[in-house]
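So the structure is just underneath, and the comments pick up after that.
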Ligand code: NDP
């Protein structure tokens, strides 16, 4: 184990430095603890890669903010998001994955072994890295939105839409995600209000047409969300303001925020290729990034599906890719 002694966290090239801390050598480092990270850990551990997984800012990932998960295969009765993540973690640990608290705060992927700084002080040198840092849904930032999170407020219609079967709901946003969520919910719910702040939808033409041709979607252009209202049972309505500044109230039970996601890829951007939003671009048939030995899986590289099961599937692929990579460089 080498000792590093430097002053600041990043050097002039943006590479990580540590403040007098030990360097640990790791064969397979997994960053992130959603379904992608834990599945990668299960496969990597069973392949004898002795994976070390850092859980990141939100241990368990986005699923820990949802209530019931009913669409993950293998849980016929459904399971809560936090319980499912606990199961995945236990399964990874059972095969020897070393699961740790800690946030990756800097990265140097310029050469192998790759260098990752944890919590701005500990340096890890990794032969291979699996990035499973996920994406963070953007929220409006209202107090009432926080208050009813998981009790009527959701950022995932596919995950939570079913709970509002036959009820009235609202979706906020004007992009493809909002259009897709609104049409998905229209198939389940009685009525869907699509709250759009501009006088047009940013979504693609085909999605716009789908929205406009769906009878039980009402688009409220030039409306802003002022407050989500509710009681002990959860959300009961939403207060909006229209372009004249007038207050409009809609009775709803579900409020779906679809104003975009931010992939958690910032520290890797100088090395891996990303799209304009920040999603890591991988080889179309695998989880390989532009850097040999660095793989990406789950929501940090997937703007399209964003499901627990697809994230888990890509985590499995990343571990297999990492194993094959290590085999090829021996
Ligand atoms: P976008 O960034 O495209 O759209 C976000 C929407 O939310 C915009 O209409 C924006 O309004 C609105 N918005 C942002 N902040 C607020 C706010 N504070 N209050 C109210 N409204 C707000 O995000 P998406 O998630 O929709 O899409 C991301 C990318 O993924 C896009 O490239 C999209 O095409 C792609 N995608 C593709 C799909 C597909 O092909 N099937 C499905 C889903 C996404 P404004 O327009 O005023 O800025």
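The values are calculated or read from the model by the stated rules, or taken from the named source; none is laboratory data. Just so we're clear, the structure is a prediction, and the values are computed from it rather than from any experiment. Because the Cβ atoms are built from the backbone with ideal geometry, glycine has one as well, and the counts that use them run over all protein chains shown.
Summary of values
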{"item": "Residue list for segment 259-310, restricted to those being under 23 Å from residue 43 (Cα atoms) and not in a loop (DSSP other than H, G, I, E, B)", "result": "280, 288, 294, 295, 296, 298, 299, 300, 308, 309, 310"}
{"item": "Residue identified as more than 16 Å from the ligand (Cβ to nearest atom) and at negative phi among 261, 223, 285, 304", "result": "285"}
{"item": "Residues within segment 201-214 that are under 14 Å from residue 186 (Cβ atoms) and without any contact (Cβ under 8 Å) to a residue 24 or more places away in the chain, tallied", "result": "3"}
{"item": "Members of segment 86-101 found to be surrounded by fewer than 19 Cβ atoms within 10 Å (Cβ to Cβ) and either part of a loop (DSSP other than H, G, I, E, B) or in contact (Cβ under 8 Å) with a residue 60 or more places away in the chain (or both), listed by number", "result": "95, 96, 101"}
{"item": "Neighbours by Cβ (under 6 Å, 6+ apart or cross-chain): first from segment 300-325, within 18 Å of residue 260 (Cα to Cα); second part of a helix (DSSP H, G or I) and modelled with pLDDT under 95", "result": "308/63"}
{"item": "Scope segment 169-207; condition surrounded by fewer than 19 Cβ atoms within 10 Å (Cβ to Cβ) and more than 10 Å from the ligand (Cβ to nearest atom); matching residues", "result": "184, 187, 188, 190, 191, 205"}
{"item": "Which listed residue is touching a strand residue (DSSP E or B) at 6+ places or on another chain (Cβ under 8 Å), on the phi > 0 side of the Ramachandran plot and in the same structural domain as residue 293 (by TED's automatic domain parsing), from 96, 78", "result": "78"}
{"item": "Filter result (part of a loop (DSSP other than H, G, I, E, B), buried (at least 16 other Cβ atoms within 10 Å of the Cβ) and modelled with pLDDT under 95) within segment 50-66", "result": "56, 58, 59, 60, 66"}
{"item": "Only listed residue being outside the structural domain of residue 58 (by TED's automatic domain parsing) and within 20 Å of residue 154 (Cβ to Cβ), chosen from 234, 245", "result": "234"}
{"item": "Failed criterion for residue 299 (all others in (1) surrounded by 17 or more Cβ atoms within 10 Å (Cβ to Cβ); (2) more than 14 Å from the ligand (Cβ to nearest atom); (3) on the phi < 0 side of the Ramachandran plot hold)", "result": "(2)"}
{"item": "Candidates 83, 47 - the one that is touching a strand residue (DSSP E or B) at 6+ places or on another chain (Cβ under 9 Å), surrounded by fewer than 18 Cβ atoms within 10 Å (Cβ to Cβ) and either farther than 18 Å from residue 132 by Cα or at pLDDT below 95 (or both)", "result": "83"}
{"item": "Of all residues in segment 234-251 being away from the ligand (no atom under 16 Å from the Cβ) and in contact (Cβ under 8 Å) with a residue 12 or more places away in the chain, the one that is surrounded by the fewest Cβ atoms within 10 Å (Cβ to Cβ)", "result": "247"}
{"item": "Cβ-Cβ under 9 Å pairs, at least 6 apart or on other chains, segment 164-184 side under 13 Å from residue 260 (Cβ atoms), far side more than 10 Å from the ligand (Cβ to nearest atom) and assigned to a loop (DSSP other than H, G, I, E, B)", "result": "174/221; 181/156"}
{"item": "Single match in 161, 78, 141 (criterion: free of Cβ contacts under 8 Å to residues at least 24 places away in the same chain and within 16 Å of the ligand (Cβ to nearest atom))", "result": "141"}
{"item": "Residue check for residue 145: in a loop (DSSP other than H, G, I, E, B) and touching a strand residue (DSSP E or B) at 6+ places or on another chain (Cβ under 9 Å)", "result": "no"}
